[in-house]
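Undergrad: The structure under discussion is supplied below as structure tokens; questions concerning it will follow.
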Amino acid sequence: MKDFLKLQDLQDNEVSSLIDFAIELKKKKKDGIAYEPLKGKVMGMIFSKSSTRTRVSFERGMIDLGGNAIFLNQNDIQLGRGESIKDTARVLERYLDLIMIRTFKQSDVDDLAKFGSIPVINGLTDYAHPTQIIADLQTVKEHKGGLKGLKIAYIGDGNNVCNSLIVGAVKCGAEISIACPAGFLPDKDVLAYGLSKKLLTVTEDTFEAATDADVLYTDVWASMGQESERLARAKVFAGKYQINKCLMSVAHKDAIVLHCLPAHKGEEITEDIFEKHAVTIFDEAENRLHAHKAIMCRAIDIL
Ligand code: CP
Ligand code: NVA
């Protein structure tokens, strides 16, 4: 039984094993080979924020693996009316085999794992988006043949996705260069981790980050929960923190572009670059399914 709360908790080789297992599961699915090790298992999926990819891919993934998933909108369960995480954990462990949760505070996800006896998967918090990054690294490996020694450039807000990308890239031996405006850097512990491994470069200059990059990655300027900051953030990011034709010109000729989605075209990425790289971006979205299946198998000790 293994929680999946943040990538820092995983050994480097566990990250690679998840990526390789996701690739294997993808092949099985394409070949029409059924693989149902989670028959009889039921996962609860708690959502306090919106989701298209995470919700559907986890639910479909659980069906593929032979199990079932129950969607639990926070506002439909007593958690939304103030029942504590601690009590929720002690109730849900009596009914379920696994929980996936998307919420605001990382400490709520950690507490759900701490107070319950069943594995918990972090489907996004303000701090981290670890399931996303396994799918992203899988996509890079499929398109580039490997990860070690590649240069990944992240352009934009130092948010949950950026935090997890730094940790995941470092664990795979990739160089990660981030360009974020002052005041919008990733969390301090993540910066310290990346810098200590000598694989992270931090700059405000998007061109410095993107130069000779093999992968360019971006995410929205304002994340879920930051809607009221949208205008103020746009003033800081606009005209600078964007993947566009000009920025692509300093990256490697065969550089790929990733975006966790949903995208705000015309803000963090231009429509032409998005469409030019749409195949990779939607491969990335598809890989959420395969990566999540690998993560659920690990949680139930299949991997
Ligand atoms: N990338 C991602 O997590 O998408 P959703 O918000 O649609 O789940
Ligand atoms: N940083 C974004 C990611 C969405 C998948 C958010 O938290 O809203």
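Undergrad: Quick check on my filter: what residues within region 261-285 are within 15 Å of ligand 1 (Cβ to nearest atom), in contact (Cβ under 8 Å) with a residue 40 or more places away in the chain and open to solvent by 10 Å² or more (accessible area, probe 1.4 Å)?
TA: Selection gives Leu261, Pro262, Ala263, His264, Thr280, Asp283, Ala285.
Undergrad: Also, quick follow-up: Is one or more of the residues making up region 44-65 hydroxyl-bearing (Ser, Thr, Tyr), more than 16 Å from ligand 2 (Cβ to nearest atom), open to solvent by 20 Å² or more (accessible area, probe 1.4 Å) and farther than 12 Å from Met296 by Cα?
TA: No: zero hits.
Undergrad: Just to be sure before I move on: is Glu229 within 14 Å of ligand 1 (Cβ to nearest atom) and among the acidic types (Asp, Glu) in the structure I sent?
TA: no
Undergrad: Can you name the condition, by its number, that Gln74 falls short on among (1) modelled with pLDDT of 95 or more; (2) farther than 18 Å from Leu5 by Cα; (3) more than 13 Å from ligand 1 (Cβ to nearest atom); (4) of a type outside the set (A, V, I, L, M)?
TA: (1)
Undergrad: Which of (1) farther than 25 Å from Ser48 by Cα; (2) surrounded by 14 or more Cβ atoms within 10 Å (Cβ to Cβ); (3) more than 16 Å from ligand 1 (Cβ to nearest atom) does Pro186 not meet, given it meets every other one?
TA: Pro186 satisfies all of (1) farther than 25 Å from Ser48 by Cα; (2) surrounded by 14 or more Cβ atoms within 10 Å (Cβ to Cβ); (3) more than 16 Å from ligand 1 (Cβ to nearest atom) except (1).
Undergrad: For the condition within 16 Å of ligand 1 (Cβ to nearest atom) and of a type in the set (Asp, Glu), what is the one hit in Glu59, Glu24?
TA: Values: Glu24 fails: within 16 Å of ligand 1 (Cβ to nearest atom).
None of the others qualify; the one that does is Glu59.
Undergrad: Next question. Inside region 14-34, can you point out the residues that are out of contact with any helix residue (DSSP H, G or I) (no Cβ under 9 Å at 6 or more places or on another chain) and either under 24 Å from Asp189 (Cα atoms) or of a type in the set (Gly, Ala, Ser) (or both)?
TA: Hit for region 14-34 is Gly32, nothing else.
Undergrad: Which of (1) closer than 15 Å to Asp97 by Cα; (2) touching a strand residue (DSSP E or B) at 6+ places or on another chain (Cβ under 7 Å); (3) in a helix (DSSP H, G or I) is the odd one out, the single condition Thr54 does not satisfy?
TA: Answer for Thr54: the failing condition is (1).
Undergrad: I'm trying to understand the selection: among the residues of region 197-253, which are more than 18 Å from Gly266 (Cβ to Cβ), open to solvent by less than 30 Å² (accessible area, probe 1.4 Å), in a strand (DSSP E or B) and touching a Ser or Thr at 6+ places or on another chain (Cβ under 8 Å)?
TA: Matches in region 197-253: Leu200, Thr203.
Undergrad: Continuing with the same structure: Out of Ala128, Ala169, Ala113, which single residue is open to solvent by 10 Å² or more (accessible area, probe 1.4 Å) and touching a residue at least 12 places away in the same chain (Cβ under 8 Å)?
TA: Ala113 is the lone residue from the list that is open to solvent by 10 Å² or more (accessible area, probe 1.4 Å) and touching a residue at least 12 places away in the same chain (Cβ under 8 Å).
The values are calculated or read from the model by the stated rules, or taken from the named source; none is laboratory data. All values derive from a computational prediction rather than experimental measurement. Neighbour counts run over all protein chains shown; Cβ positions are idealised from the backbone, glycine included. Remember, those area values only see protein heavy atoms, side chains included, never the ligands or the DNA or RNA. Shrake-Rupley method; radii C 1.70, N 1.55, O 1.52, S 1.80 Å.
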